[in-house]
Amino acid sequence: GVECQPDKEFETVTIAYKGRIRHNDNSGGGGVTGEGDVQWMTGGSGILHKEFHEVTLSKEGGNLQMVQLWVNLSSENKKQKPKYQSITKEQIGKFGLENNAGIIEVIAGEYKGVKGPAYTFSPVELQNAKLNKGGKATFSFPTYYTAAALVIKGSIKVNGEANVPTDHFVLFDTDEETFEIEAVEDSIVLILAGKPLREPIFAHGPFVMNTRNEIIDAIEDFNNGKFGVL
C-alpha cells in the first residue's frame, strides 16, 4: 500500500519494528526506514509526503510492524521549515539494565544518563524497553508530564499490579512521578512522555492547527498548490 498525504504544522515519528518502508517527498528528500530505525519528520510549514513498502519487501513479502506517532508543534514552531531526522538503530542510545533484565533504547530524551539522538522542539521522551522475561525497569518523569506506554510485544505488569497484554495502551496517573514495568514474558514496550503544550488543538485530516480558521487556510493553501506537487 501507499500513503500519500500533505503534512503541516506537526511532526510524524515512524518507528520500524519489523520490515522496511521507503518514503519520499516533494522537496527531494527520501530514503528507507529499516528494521529498528526511526524516521522523525517535521511537517512544519507544509510538505507532500509518500510512504510505501520497500521494493524488496514488496517482492519477497514479510512482516511489517510500524508505529507512527503524531507530535504536535507549539504555535511558535508551526512555521518551521520541513525536515527529516533519519535515525538508524545504531544511532539510538542504549542503556543495559542490571541482572540481564534487558535494554532501554533511547530515541528522544534521556534514560539514566543515556541520551537519545532525536531533536525535539519541546520536551519529549521516547524509549523502547526491551525486557527479558522477569526483567524490570523503572521510569521517572516530572509530574507535569503526560506519560504512557504501548506494549508492542509480550505482556507486562505495571507497578506490580495491572497486567497489560500486547497492543494495549497505558496512560499513567499524572500524580505519580515514577512507575515500574515488569516483563511477564519477553517484551517490547514503547514508553512515551512529554511536557503538554497547553495550547488549543484543531485537527482535520493531516492538518493540526490551533484554530478552525487556520485549518481552512491550510486546506486552501493545499488546494491552491502551495504545498507543491509529488
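The values are calculated or read from the model by the stated rules, or taken from the named source; none is laboratory data. A quick note: this is a predicted structure, and the numbers were derived from the prediction, not measured. Every residue, glycine as well, gets a Cβ built from its backbone with ideal geometry; the counts of neighbours run over all protein chains shown. We work out accessible area using only protein heavy atoms, side chains counted, and drop any ligands, DNA or RNA first. Shrake-Rupley method; radii C 1.70, N 1.55, O 1.52, S 1.80 Å.
Students sometimes get this wrong: rank R198, R22, R212 by accessible area, probe 1.4 Å, all chains present, largest first.
The ordering from most to least exposed comes out as R198, R212, R22.
What list of whole percents do you get for P(r) of region 76-202, with Cα-Cα distances grouped in 5 Å bins up to the one holding the largest distance?
2, 11, 19, 22, 20, 14, 7, 4, 2, 0
Amide H neighbours of G135 under 5 Å, counting only residues 5+ apart in sequence or on other chains, H built in-plane at 1.01 Å?
Residues meeting the criterion, in which the H sits 1.01 Å from N, are A183.
Taking the simple approach of a point 7 Å from Cα along Cα-to-Cβ for both S122 and K89, what is their distance in nm?
Here the modelled spin labels are 3.2 nm apart.
Going through the cross-link list K89/K157; K115/K136; K115/K153; K83/K153; K112/K136; K18/K157, which pairs have a Cα-Cα distance over 22 Å in this structure?
K89/K157; K115/K153; K83/K153; K18/K157
Would you mind calculating the gained length between F169 and Y17 on full extension (0.36 nm times residue separation, minus the Cα-Cα distance), in nm to one decimal?
53.0 nm
Each label point is 7 Å from the Cα along the Cα-to-Cβ direction; what then is the distance between the points at T146 and E60, in nm?
4.0 nm
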